[in-house]
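These notes are about the structure you will find just below.
Every read-out reported here was derived from the displayed coordinates using simple, explicitly stated rules and does not represent laboratory data. Remember, it's a predicted structure, so these values are computed and weren't measured experimentally. Cβ coordinates were reconstructed from backbone atoms using ideal geometry, including for glycine residues, and neighbour counts include every protein chain displayed.
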Amino acid sequence: MTPLARTAQPPVPPVLAEVVRSGFVEGRHRGSLVLLAADGTVELALGDVTAPVFPRSSNKPMQAAAVLRAGLDLAGERLAIAAASHSGEPFHLDLVRAMLAAHGLTEQRLQCPPDLPLDPAEAEARLASGAPRERIAMNCSGKHTAMLAACALRRWPLDSYLDPLHPLQQLIRSVVEESAGEPVAAVGTDGCGAPLMAISLTGLARAFRSYVLAAPGTPERRVADAMRAHPEYVAGTRRPDTWLMRGIPGALSKVGAEAVQAVALPDGRALAFKVDDGASRALGPVLSRALTLLGADSPVLPRLAKVPLLGGGREVGEIRAAF
């Protein structure tokens with residue numbers, strides 16, 4: 001009898017974080033991570049850091065740079081929210097409304113789905129008040145507003161601005177490829193409906209590094225400077241990206257769905273990682289450990305790392321980095 005043929009299995013990704021309850025490791029989060037030295041060389045690679053991934057919202061700085069290249073004049077908080085996964089706090093929604101009005105647009109033009117605010121407290125408040133889900137409350141509404149405004153400026157079609165073949169999306173693809181230093185490996189659809197460009201974790205780290213090192217006044221540096229100056233508009237008042245950019249001066253940080261994170265320090269050190277199972281609870285411990293290995297030193301690192309597990313309403317364990 002001929003033995004069944006065995007197909008080669010891909011290597012098992014390394015464990016990036018452990019779930020420890022009452023001193024017992026009850027779970028593990030695997031993934032891949034890359035650290036770049038200040039000169040751009042790979043300092044540490046865990047897992048396959050050259051395979052393509054969907055960076056999800058970690059791509060937003062590149063999308064924001066593209067709308068600037070299209071000619072849209074944004075700065076300050078308006079540019080920061082164009083690269084944001086905002087929490088849906090009142091100041092976020094007020095700014096998006098003001099941006100829509102400034103460009104002669106209405107909320108009905110937005111093609112991101114109606115949603116609750118990303119911030120749990122804001123979502124609970126909205127539900128308690130009986131207010132409906134709205135497109136403007138969706139965390140990507142700032143990005144969509146900037147995309148629409150760029151299209152209106154260039155007289156590109158508004159109704160099809162999310163089509164991968166639309167001139168704006170083709171420009172975004174070019175910017176992503178240039179920033180990452182590699183071709184886009186695949187195009188999908190993000191949670192907000194926008195085209196999503198797949199690149200490697202190494203390419204993602206290179207892109208963030210290039211933005212903090214870009215010459216002042218370039219679209220890339222303008223995006224980095226706006227995000228770092230106004231992190232509350234990139235995330236929110238209760239979000240790790242905000243804590244990090246406030247706690248480490250000059251750092252550029254952007255999380256993405258499915259547990260993706262990219263950070264660049266002002267001297268060019270950079271990191272990117274993805275937790276394979278998409279567990280956001282592993283983000284903080286992995287991020288804190290990665291920054292420590294890069295040589296960062298800040299009181300924000302223990303704050304990022306602390307993810308307690310509860311039992312009976314009290315702390316009985318933690319999520320901890322495992323590398």
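To keep it simple, each residue is scored yes or no on (1) touching a strand residue (DSSP E or B) at 6+ places or on another chain (Cβ under 7 Å); (2) small (Gly, Ala, Ser).
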{"site": "SER58", "(1), (2)": "yes, yes"}
{"site": "ALA64", "(1), (2)": "no, yes"}
{"site": "ALA84", "(1), (2)": "no, yes"}
{"site": "ASP94", "(1), (2)": "no, no"}
{"site": "ALA98", "(1), (2)": "no, yes"}
{"site": "ALA102", "(1), (2)": "no, yes"}
{"site": "GLN108", "(1), (2)": "no, no"}
{"site": "PRO117", "(1), (2)": "no, no"}
{"site": "ALA125", "(1), (2)": "no, yes"}
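Filter the stretch 121-133 down to the residues that are surrounded by fewer than 18 Cβ atoms within 10 Å (Cβ to Cβ) and either in contact (Cβ under 8 Å) with a residue 40 or more places away in the chain or of a type in the set (Asp, Glu) (or both), then identify the one that is nearest to ALA70 (Cα to Cα).
Applying the filter and picking the extreme gives ALA121.
For residues in the stretch 134-157 being in a loop (DSSP other than H, G, I, E, B) and exposed (fewer than 15 other Cβ atoms within 10 Å of the Cβ), which is farthest from the chain's Cα centre (by Cα)? Can you show your working first?
At the first step, the residues of the stretch 134-157 found to be in a loop (DSSP other than H, G, I, E, B) are 135-140, 155-157.
Right, trim to exposed (fewer than 15 other Cβ atoms within 10 Å of the Cβ) and you get 155, 157.
Numbers: ARG155: 29, PRO157: 27 Å.
In this case the residue turns out to be ARG155.
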